[in-house]
Amino acid sequence: MSAVAQREQTLDTEGTVDASYGEMFGEPLPYLNTVGGTAFAHRDDTNCYILVQDRNVPFRKNVIEGYNRIKASCLSDLRDFKVTQTPVGTAASYVMQRPGGGKVFNGVPVGDKLLRTVLIPDIINCFKTLHDEGLSYRYLSPERVYYRTDQQDQVMLLECFSVPPGLEMPFSYESIPNGMVEPTARGEGGPHEDYYALGVFITHMITGRDPIGGRSEQSYQQARMNQGSYAACLSGSNITGAVSALLRGLLQDDVEQRWGYRDVMNWLNGELRRAAPSGSQWTLPQPVSVAGRTMTDRRALAAAMQAQPDAAESMLKRKNTTQWVAQIAPGTESHQTIVNLQE
């Protein structure tokens with residue numbers, strides 16, 4: 001069994017410290033740091049770097065174990081793992097493949113050719129490798145995408161296991177439901193979440209800016225619920241044509257209609273499929289008011305009730321709860337849950 005496969009959820013370093021490993025640490029590499037890991041150069045191998053896991057930050061055990069089963073040229077490879085003495089104390093240390101080129105995004109919009117021939121194909125192939133193993137990336141952002149070599153003809157996604165899923169992703173890269181919960185509780189997600197993030201990433205690359213712009217997270221979230229993610233994300237941009245169709249599919253708020261690997265591959269091959277309209281499934285059959293604010297979107301209503309529980313309780317006391325939920329969300333899990341509780 002490999003060192004990676006022997007990884008334990010609890011980092012118990014008693015009796016397992018490999019003293020010789022500490023000799024490999026070179027200078028700090030802060031540009032490769034994460035909330036969960038501190039990066040150092042590998043003194044004996046310039047093609048690798050060492051990431052030291054912070055014992056206080058949960059890591060993604062399932063992804064680390066998955067590295068045993070996958071090989072993707074566009075994903076930084078986990079070469080080795082040991083618990084050893086490090087410059088920041090005794091900790092788990094991962095030897096990772098180091099990107100040979102610089103970061104893809106440097107604040108300047110990228111061209112259509114780079115998107116179509118390098119960025120999109122490499123990223124979706126990386127996603128497919130992970131998704132086929134039941135894993136998700138959940139860490140996409142401009143900070144995590146590098147050129148594999150200085151020839152700039154292939155990209156590499158940095159590791160995605162040293163922090164909880166989605167913890168360091170920009171707010172705009174999360175779908176509407178994930179934007180309604182705390183960053184530490186957004187969950188593993190899956191292909192739907194990764195492809196939504198890809199839609200935002202592409203928009204970011206084309207426009208040269210985070211789609212949230214100068215808006216607060218709250219106002220951006222409200223704009224997405226009012227207008228749909230596609231309209232809110234592309235607000236103020238002049239993206240049209242085939243790329244617009246791609247983004248409409250990736251930023252679809254109905255996860256059943258959201259584009260995935262096969263849809264994006266078809267798009268790359270010149271096959272255009274009209275994305276389904278987004279947003280109608282969230283419309284309330286009638287407006288609902290909480291604390292003087294009237295809403296027509298079920299997600300906005302849920303957020304308002306979560307933010308103002310006293311006002312929500314007061315509103316619910318005036319209603320037949322089962323009947324009311326049946327009216328605004330017929331056939332949903334919420335409706336069935338309430339029915340089951342009352343049986």
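The values are calculated or read from the model by the stated rules, or taken from the named source; none is laboratory data. Fair warning: this is a prediction, and the values are worked out from it, not measured in the lab. Counting neighbours? That spans all protein chains shown, and the Cβs are built from the backbone with ideal geometry, glycine included.
Structure above, values below:
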{"read-out": "Helices (runs of 4 or more DSSP H) within region 186-240 that include 2 or more residues polar (S, T, N, Q), closer than 20 Å to Ala303 by Cα and touching a residue at least 40 places away in the same chain (Cβ under 8 Å)", "value": "217-227"}
{"read-out": "Lone qualifier among Gly107, Gly111, Gly89, Gly100 - being under 22 Å from the mean Cα position of the chain (by Cα) and not aliphatic (A, V, I, L, M)", "value": "Gly107"}
{"read-out": "Of residues in region 72-130 being in a helix (DSSP H, G or I) and among the hydroxyl-bearing types (Ser, Thr, Tyr), the one nearest to Leu51 (Cα to Cα)", "value": "Thr129"}
{"read-out": "Residues being outside any loop (DSSP other than H, G, I, E, B) and surrounded by fewer than 16 Cβ atoms within 10 Å (Cβ to Cβ) - total across region 246-264", "value": "1"}
{"read-out": "Considering residues of region 19-71 that are of a type in the set (A, V, I, L, M) and assigned to a loop (DSSP other than H, G, I, E, B) only, the residue farthest from the chain's Cα centre (by Cα)", "value": "Leu29"}
{"read-out": "Test: residue in region 58-80 that is of a type in the set (Val, Ile, Thr) and either surrounded by fewer than 15 Cβ atoms within 10 Å (Cβ to Cβ) or free of Cβ contacts under 8 Å to residues at least 24 places away in the same chain (or both)", "value": "no"}
{"read-out": "Of residues in region 175-186 being among the polar types (S, T, N, Q) and either crowded, with 19+ Cβ neighbours inside 10 Å or outside the structural domain of Thr117 (by TED's automatic domain parsing) (or both), the one modelled with the lowest pLDDT", "value": "Asn178"}
{"read-out": "Selection within region 205-238 - modelled with pLDDT of 90 or more and aliphatic (A, V, I, L, M)", "value": "Met205, Ile206, Ile212, Ala223, Ala231, Ala232, Leu234"}
{"read-out": "Test: residue in region 33-47 that is closer than 19 Å to Cys126 by Cα and either surrounded by fewer than 21 Cβ atoms within 10 Å (Cβ to Cβ) or modelled with pLDDT under 95 (or both)", "value": "no"}
{"read-out": "Options Val95, Val52, Val104, Val108: the member that is more than 30 Å from Leu247 (Cβ to Cβ), at pLDDT 90 or above and out of contact with any Asp or Glu (no Cβ under 8 Å at 6 or more places or on another chain)", "value": "Val52"}
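Residue by residue, here is whether (1) crowded, with 23+ Cβ neighbours inside 10 Å; (2) aromatic (Phe, Trp, Tyr) holds:
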site: Phe161; (1), (2): yes, yes
site: Tyr173; (1), (2): yes, yes
site: Glu188; (1), (2): no, no
site: Ala197; (1), (2): yes, no
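To keep it simple, each residue is scored yes or no on (1) surrounded by fewer than 16 Cβ atoms within 10 Å (Cβ to Cβ); (2) more than 18 Å from Pro191 (Cβ to Cβ); (3) of a type in the set (S, T, N, Q); (4) without any contact (Cβ under 8 Å) to a residue 24 or more places away in the chain.
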position	(1), (2), (3), (4)
Asn106	yes, yes, yes, yes
Pro109	yes, yes, no, no
Thr117	yes, yes, yes, yes
Ile123	no, no, no, no
Phe127	no, no, no, no
Tyr137	no, no, no, no
Leu140	no, no, no, no
